[in-house]
Every structure is written in C-alpha cells, then in structure tokens.
Amino acid sequence: RVGTRIATGLLLLGGFFAWATAVMEELPGTHDIARQFEHVLLLKAEGLLLAAAHTLPDLAVVAAIFLLTRFSHELLNHYFRSITAGEVKSSLFDPVTADTTRKLADIGIWVAAVIIAFPYLPGSDSPAFRGVSVLAGLMISLGSANLVSQFTNGLTLIYGKAVRPGDYVETGQSEGVIERVGLFACTLRTCRDEVVTLPHACLLYTSR
C-alpha cells in the first residue's frame, strides 16, 4: 500500500512537471527557461536512476537478510510457544523460561539482522546517518541504567527459578500469588483480589 502511494505520487509529480514544461515552451517569454528546466530535470532523473541501479544489489542483500531473519523468528516462536502451551516437552525449558527465551531470541535475532544489514543500507556511510546513530546510542546508554538493573534481576529470578506463577510472594507493601513473571516485573494478585505490578528489584520470595 505504501509503495503504491509513493509510485502514484511520483507519477503525479512527473505529470505536473511535464505539463508545466510543455506550457512554458509554448510561451515565447518562457521558452528558453523551459528548455533549461527540462535539461536540469532530465539530468537529475538520470542521476537518480543510476543511483537506484547501483543500490539494487545492496537492497537485494538487505531483503535476503530480512527474509532469513523473518523465517528464523517464526521458527523459534513456534518452538518456544509450543513449549509454553505444553505441546512440546523440553528438558532445558519450562513454560516460564521458554516464554522469556523466546522474547530474548526475538530481540537478539533482529538486533543481529540490523547490525549485519546496516552497511548495505543506502546512505549508511553518510555523516547524517552516523550522527543519528551516535545520538540514538547516547540516548540509550544514558537512559538504560535502571532498565538494565531490572532486566538483570528478572533474568536471575526467571532462570534461577526463584519465582513461578502460583507462588506466594511477600514484599514490603503487598503480598499475594504470582500470576505472571515478566522480564522487568511480576504481576501479583493480593488477597483483596487486587492486581499489583512489582519490579523484580523489590521482590522478596518466601515459601508458602
């Protein structure tokens, strides 16, 4: 749909320029201007077509990386979802660790795909592209300190099997039964039937 809209817009824009050039050529006062404008426009169009032709091999590599990543993503999702649903038995993963591993695998696969495909993207070596990449990396590094701490605590609880759905958990302010264990927080249902979201950092596990 987006490609169709872009192609339609380019056709309309090209038709408008062709019509404007033809009208200007019919008028004596703008005949020479129209010829110069037409010459510059043709040169720009030729340059764009040559640049597009040179980027086609790189775009083909990007498309191949995307398709391979998409296939791996679907395959791993199907495997881990089958373990979570109880359709497949695994000695390495239980339903909680399988769901967490699925999310981590998804992130890792797509991040690796972006890193591999980045050099093949048109304009990836331009100063503007590099500036945006540096700015994005700086923003992520400044704002991710607390996020990394919560993430690490979540991995410790999940893969250490300290907390599982159905366990009774007591914190400084809430206590109840764990309903869901996520990467960054747990969902707790209290005795008053209230649902509380607790960060992993403030979770204290007690045996029932």
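The values are calculated or read from the model by the stated rules, or taken from the named source; none is laboratory data. Just so it is clear, the structure is predicted and the values come from calculations on it, not from any experiment. So basically every Cβ, Gly included, is an ideal-geometry build from the backbone, and we count neighbours across all protein chains shown. Ligands, DNA and RNA are stripped out before the accessible areas are found, and what is left, the full protein with its side chains, is counted by its heavy atoms. Shrake-Rupley method; radii C 1.70, N 1.55, O 1.52, S 1.80 Å.
Beta carbons closer than 9 Å, at least 6 apart along the sequence or on distinct chains, pair a first residue in region 143-166 that is loosely packed, with under 10 Cβ neighbours inside 10 Å with a second that is at pLDDT 70 or above for 166/177; 166/178; 166/179.
Only one of the listed residues (91, 82, 141) is among the hydroxyl-bearing types (Ser, Thr, Tyr), within 30 Å of residue 163 (Cα to Cα) and outside any helix (DSSP H, G or I). That residue is 91. How many residues are assigned to a loop (DSSP other than H, G, I, E, B) and not charged (D, E, K, R) if we restrict to region 146-184? Looking only at that region, the number is 12.
Working only within region 168-186, note down all residues that are out of contact with any helix residue (DSSP H, G or I) (no Cβ under 8 Å at 6 or more places or on another chain) and open to solvent by 20 Å² or more (accessible area, probe 1.4 Å). Of everything in region 168-186, those that are out of contact with any helix residue (DSSP H, G or I) (no Cβ under 8 Å at 6 or more places or on another chain) and open to solvent by 20 Å² or more (accessible area, probe 1.4 Å) turn out to be 168, 170, 173, 174, 175, 177, 179, 180.
Can we say residue 73 is at pLDDT 85 or above and out of contact with any Asp or Glu (no Cβ under 8 Å at 6 or more places or on another chain)? In short, no.
The set of residues in region 7-37 that are closer than 18 Å to residue 48 by Cα, open to solvent by 70 Å² or more (accessible area, probe 1.4 Å) and either outside any helix (DSSP H, G or I) or modelled with pLDDT of 80 or more (or both) comprises 10, 11, 12, 13.
Quick one: is residue 135 open to solvent by 70 Å² or more (accessible area, probe 1.4 Å) and at pLDDT 70 or above? Even if it seems obvious, please write down each step before you answer.
Working: open to solvent by 70 Å² or more (accessible area, probe 1.4 Å): yes; at pLDDT 70 or above: yes.
Yes.
Here 89, 103, 44 are screened, and the one residue that is out of contact with any Asp or Glu (no Cβ under 9 Å at 6 or more places or on another chain), touching a residue at least 24 places away in the same chain (Cβ under 8 Å) and among the basic types (Lys, Arg) is 103.
The combined condition, being under 19 Å from the mean Cα position of the chain (by Cα), among the hydrophobic types (A, V, I, L, M, F, W, C), modelled with pLDDT under 85 and under 28 Å from residue 199 (Cβ atoms), is not fulfilled by residue 105. Inclusion of residue 59 among residues that are closer than 28 Å to residue 114 by Cβ and either open to solvent by less than 50 Å² (accessible area, probe 1.4 Å) or part of a helix (DSSP H, G or I) (or both) is warranted.
Considering every residue within region 76-98, establish whether at least one is touching a strand residue (DSSP E or B) at 6+ places or on another chain (Cβ under 9 Å), closer than 30 Å to residue 155 by Cβ and either open to solvent by less than 90 Å² (accessible area, probe 1.4 Å) or among the polar types (S, T, N, Q) (or both).
Scanning region 76-98, I find at least one residue that is touching a strand residue (DSSP E or B) at 6+ places or on another chain (Cβ under 9 Å), closer than 30 Å to residue 155 by Cβ and either open to solvent by less than 90 Å² (accessible area, probe 1.4 Å) or among the polar types (S, T, N, Q) (or both), so the answer is yes.
Within region 70-85, being within 11 Å of residue 106 (Cα to Cα) and among the basic types (Lys, Arg) holds for one residue alone: 70.
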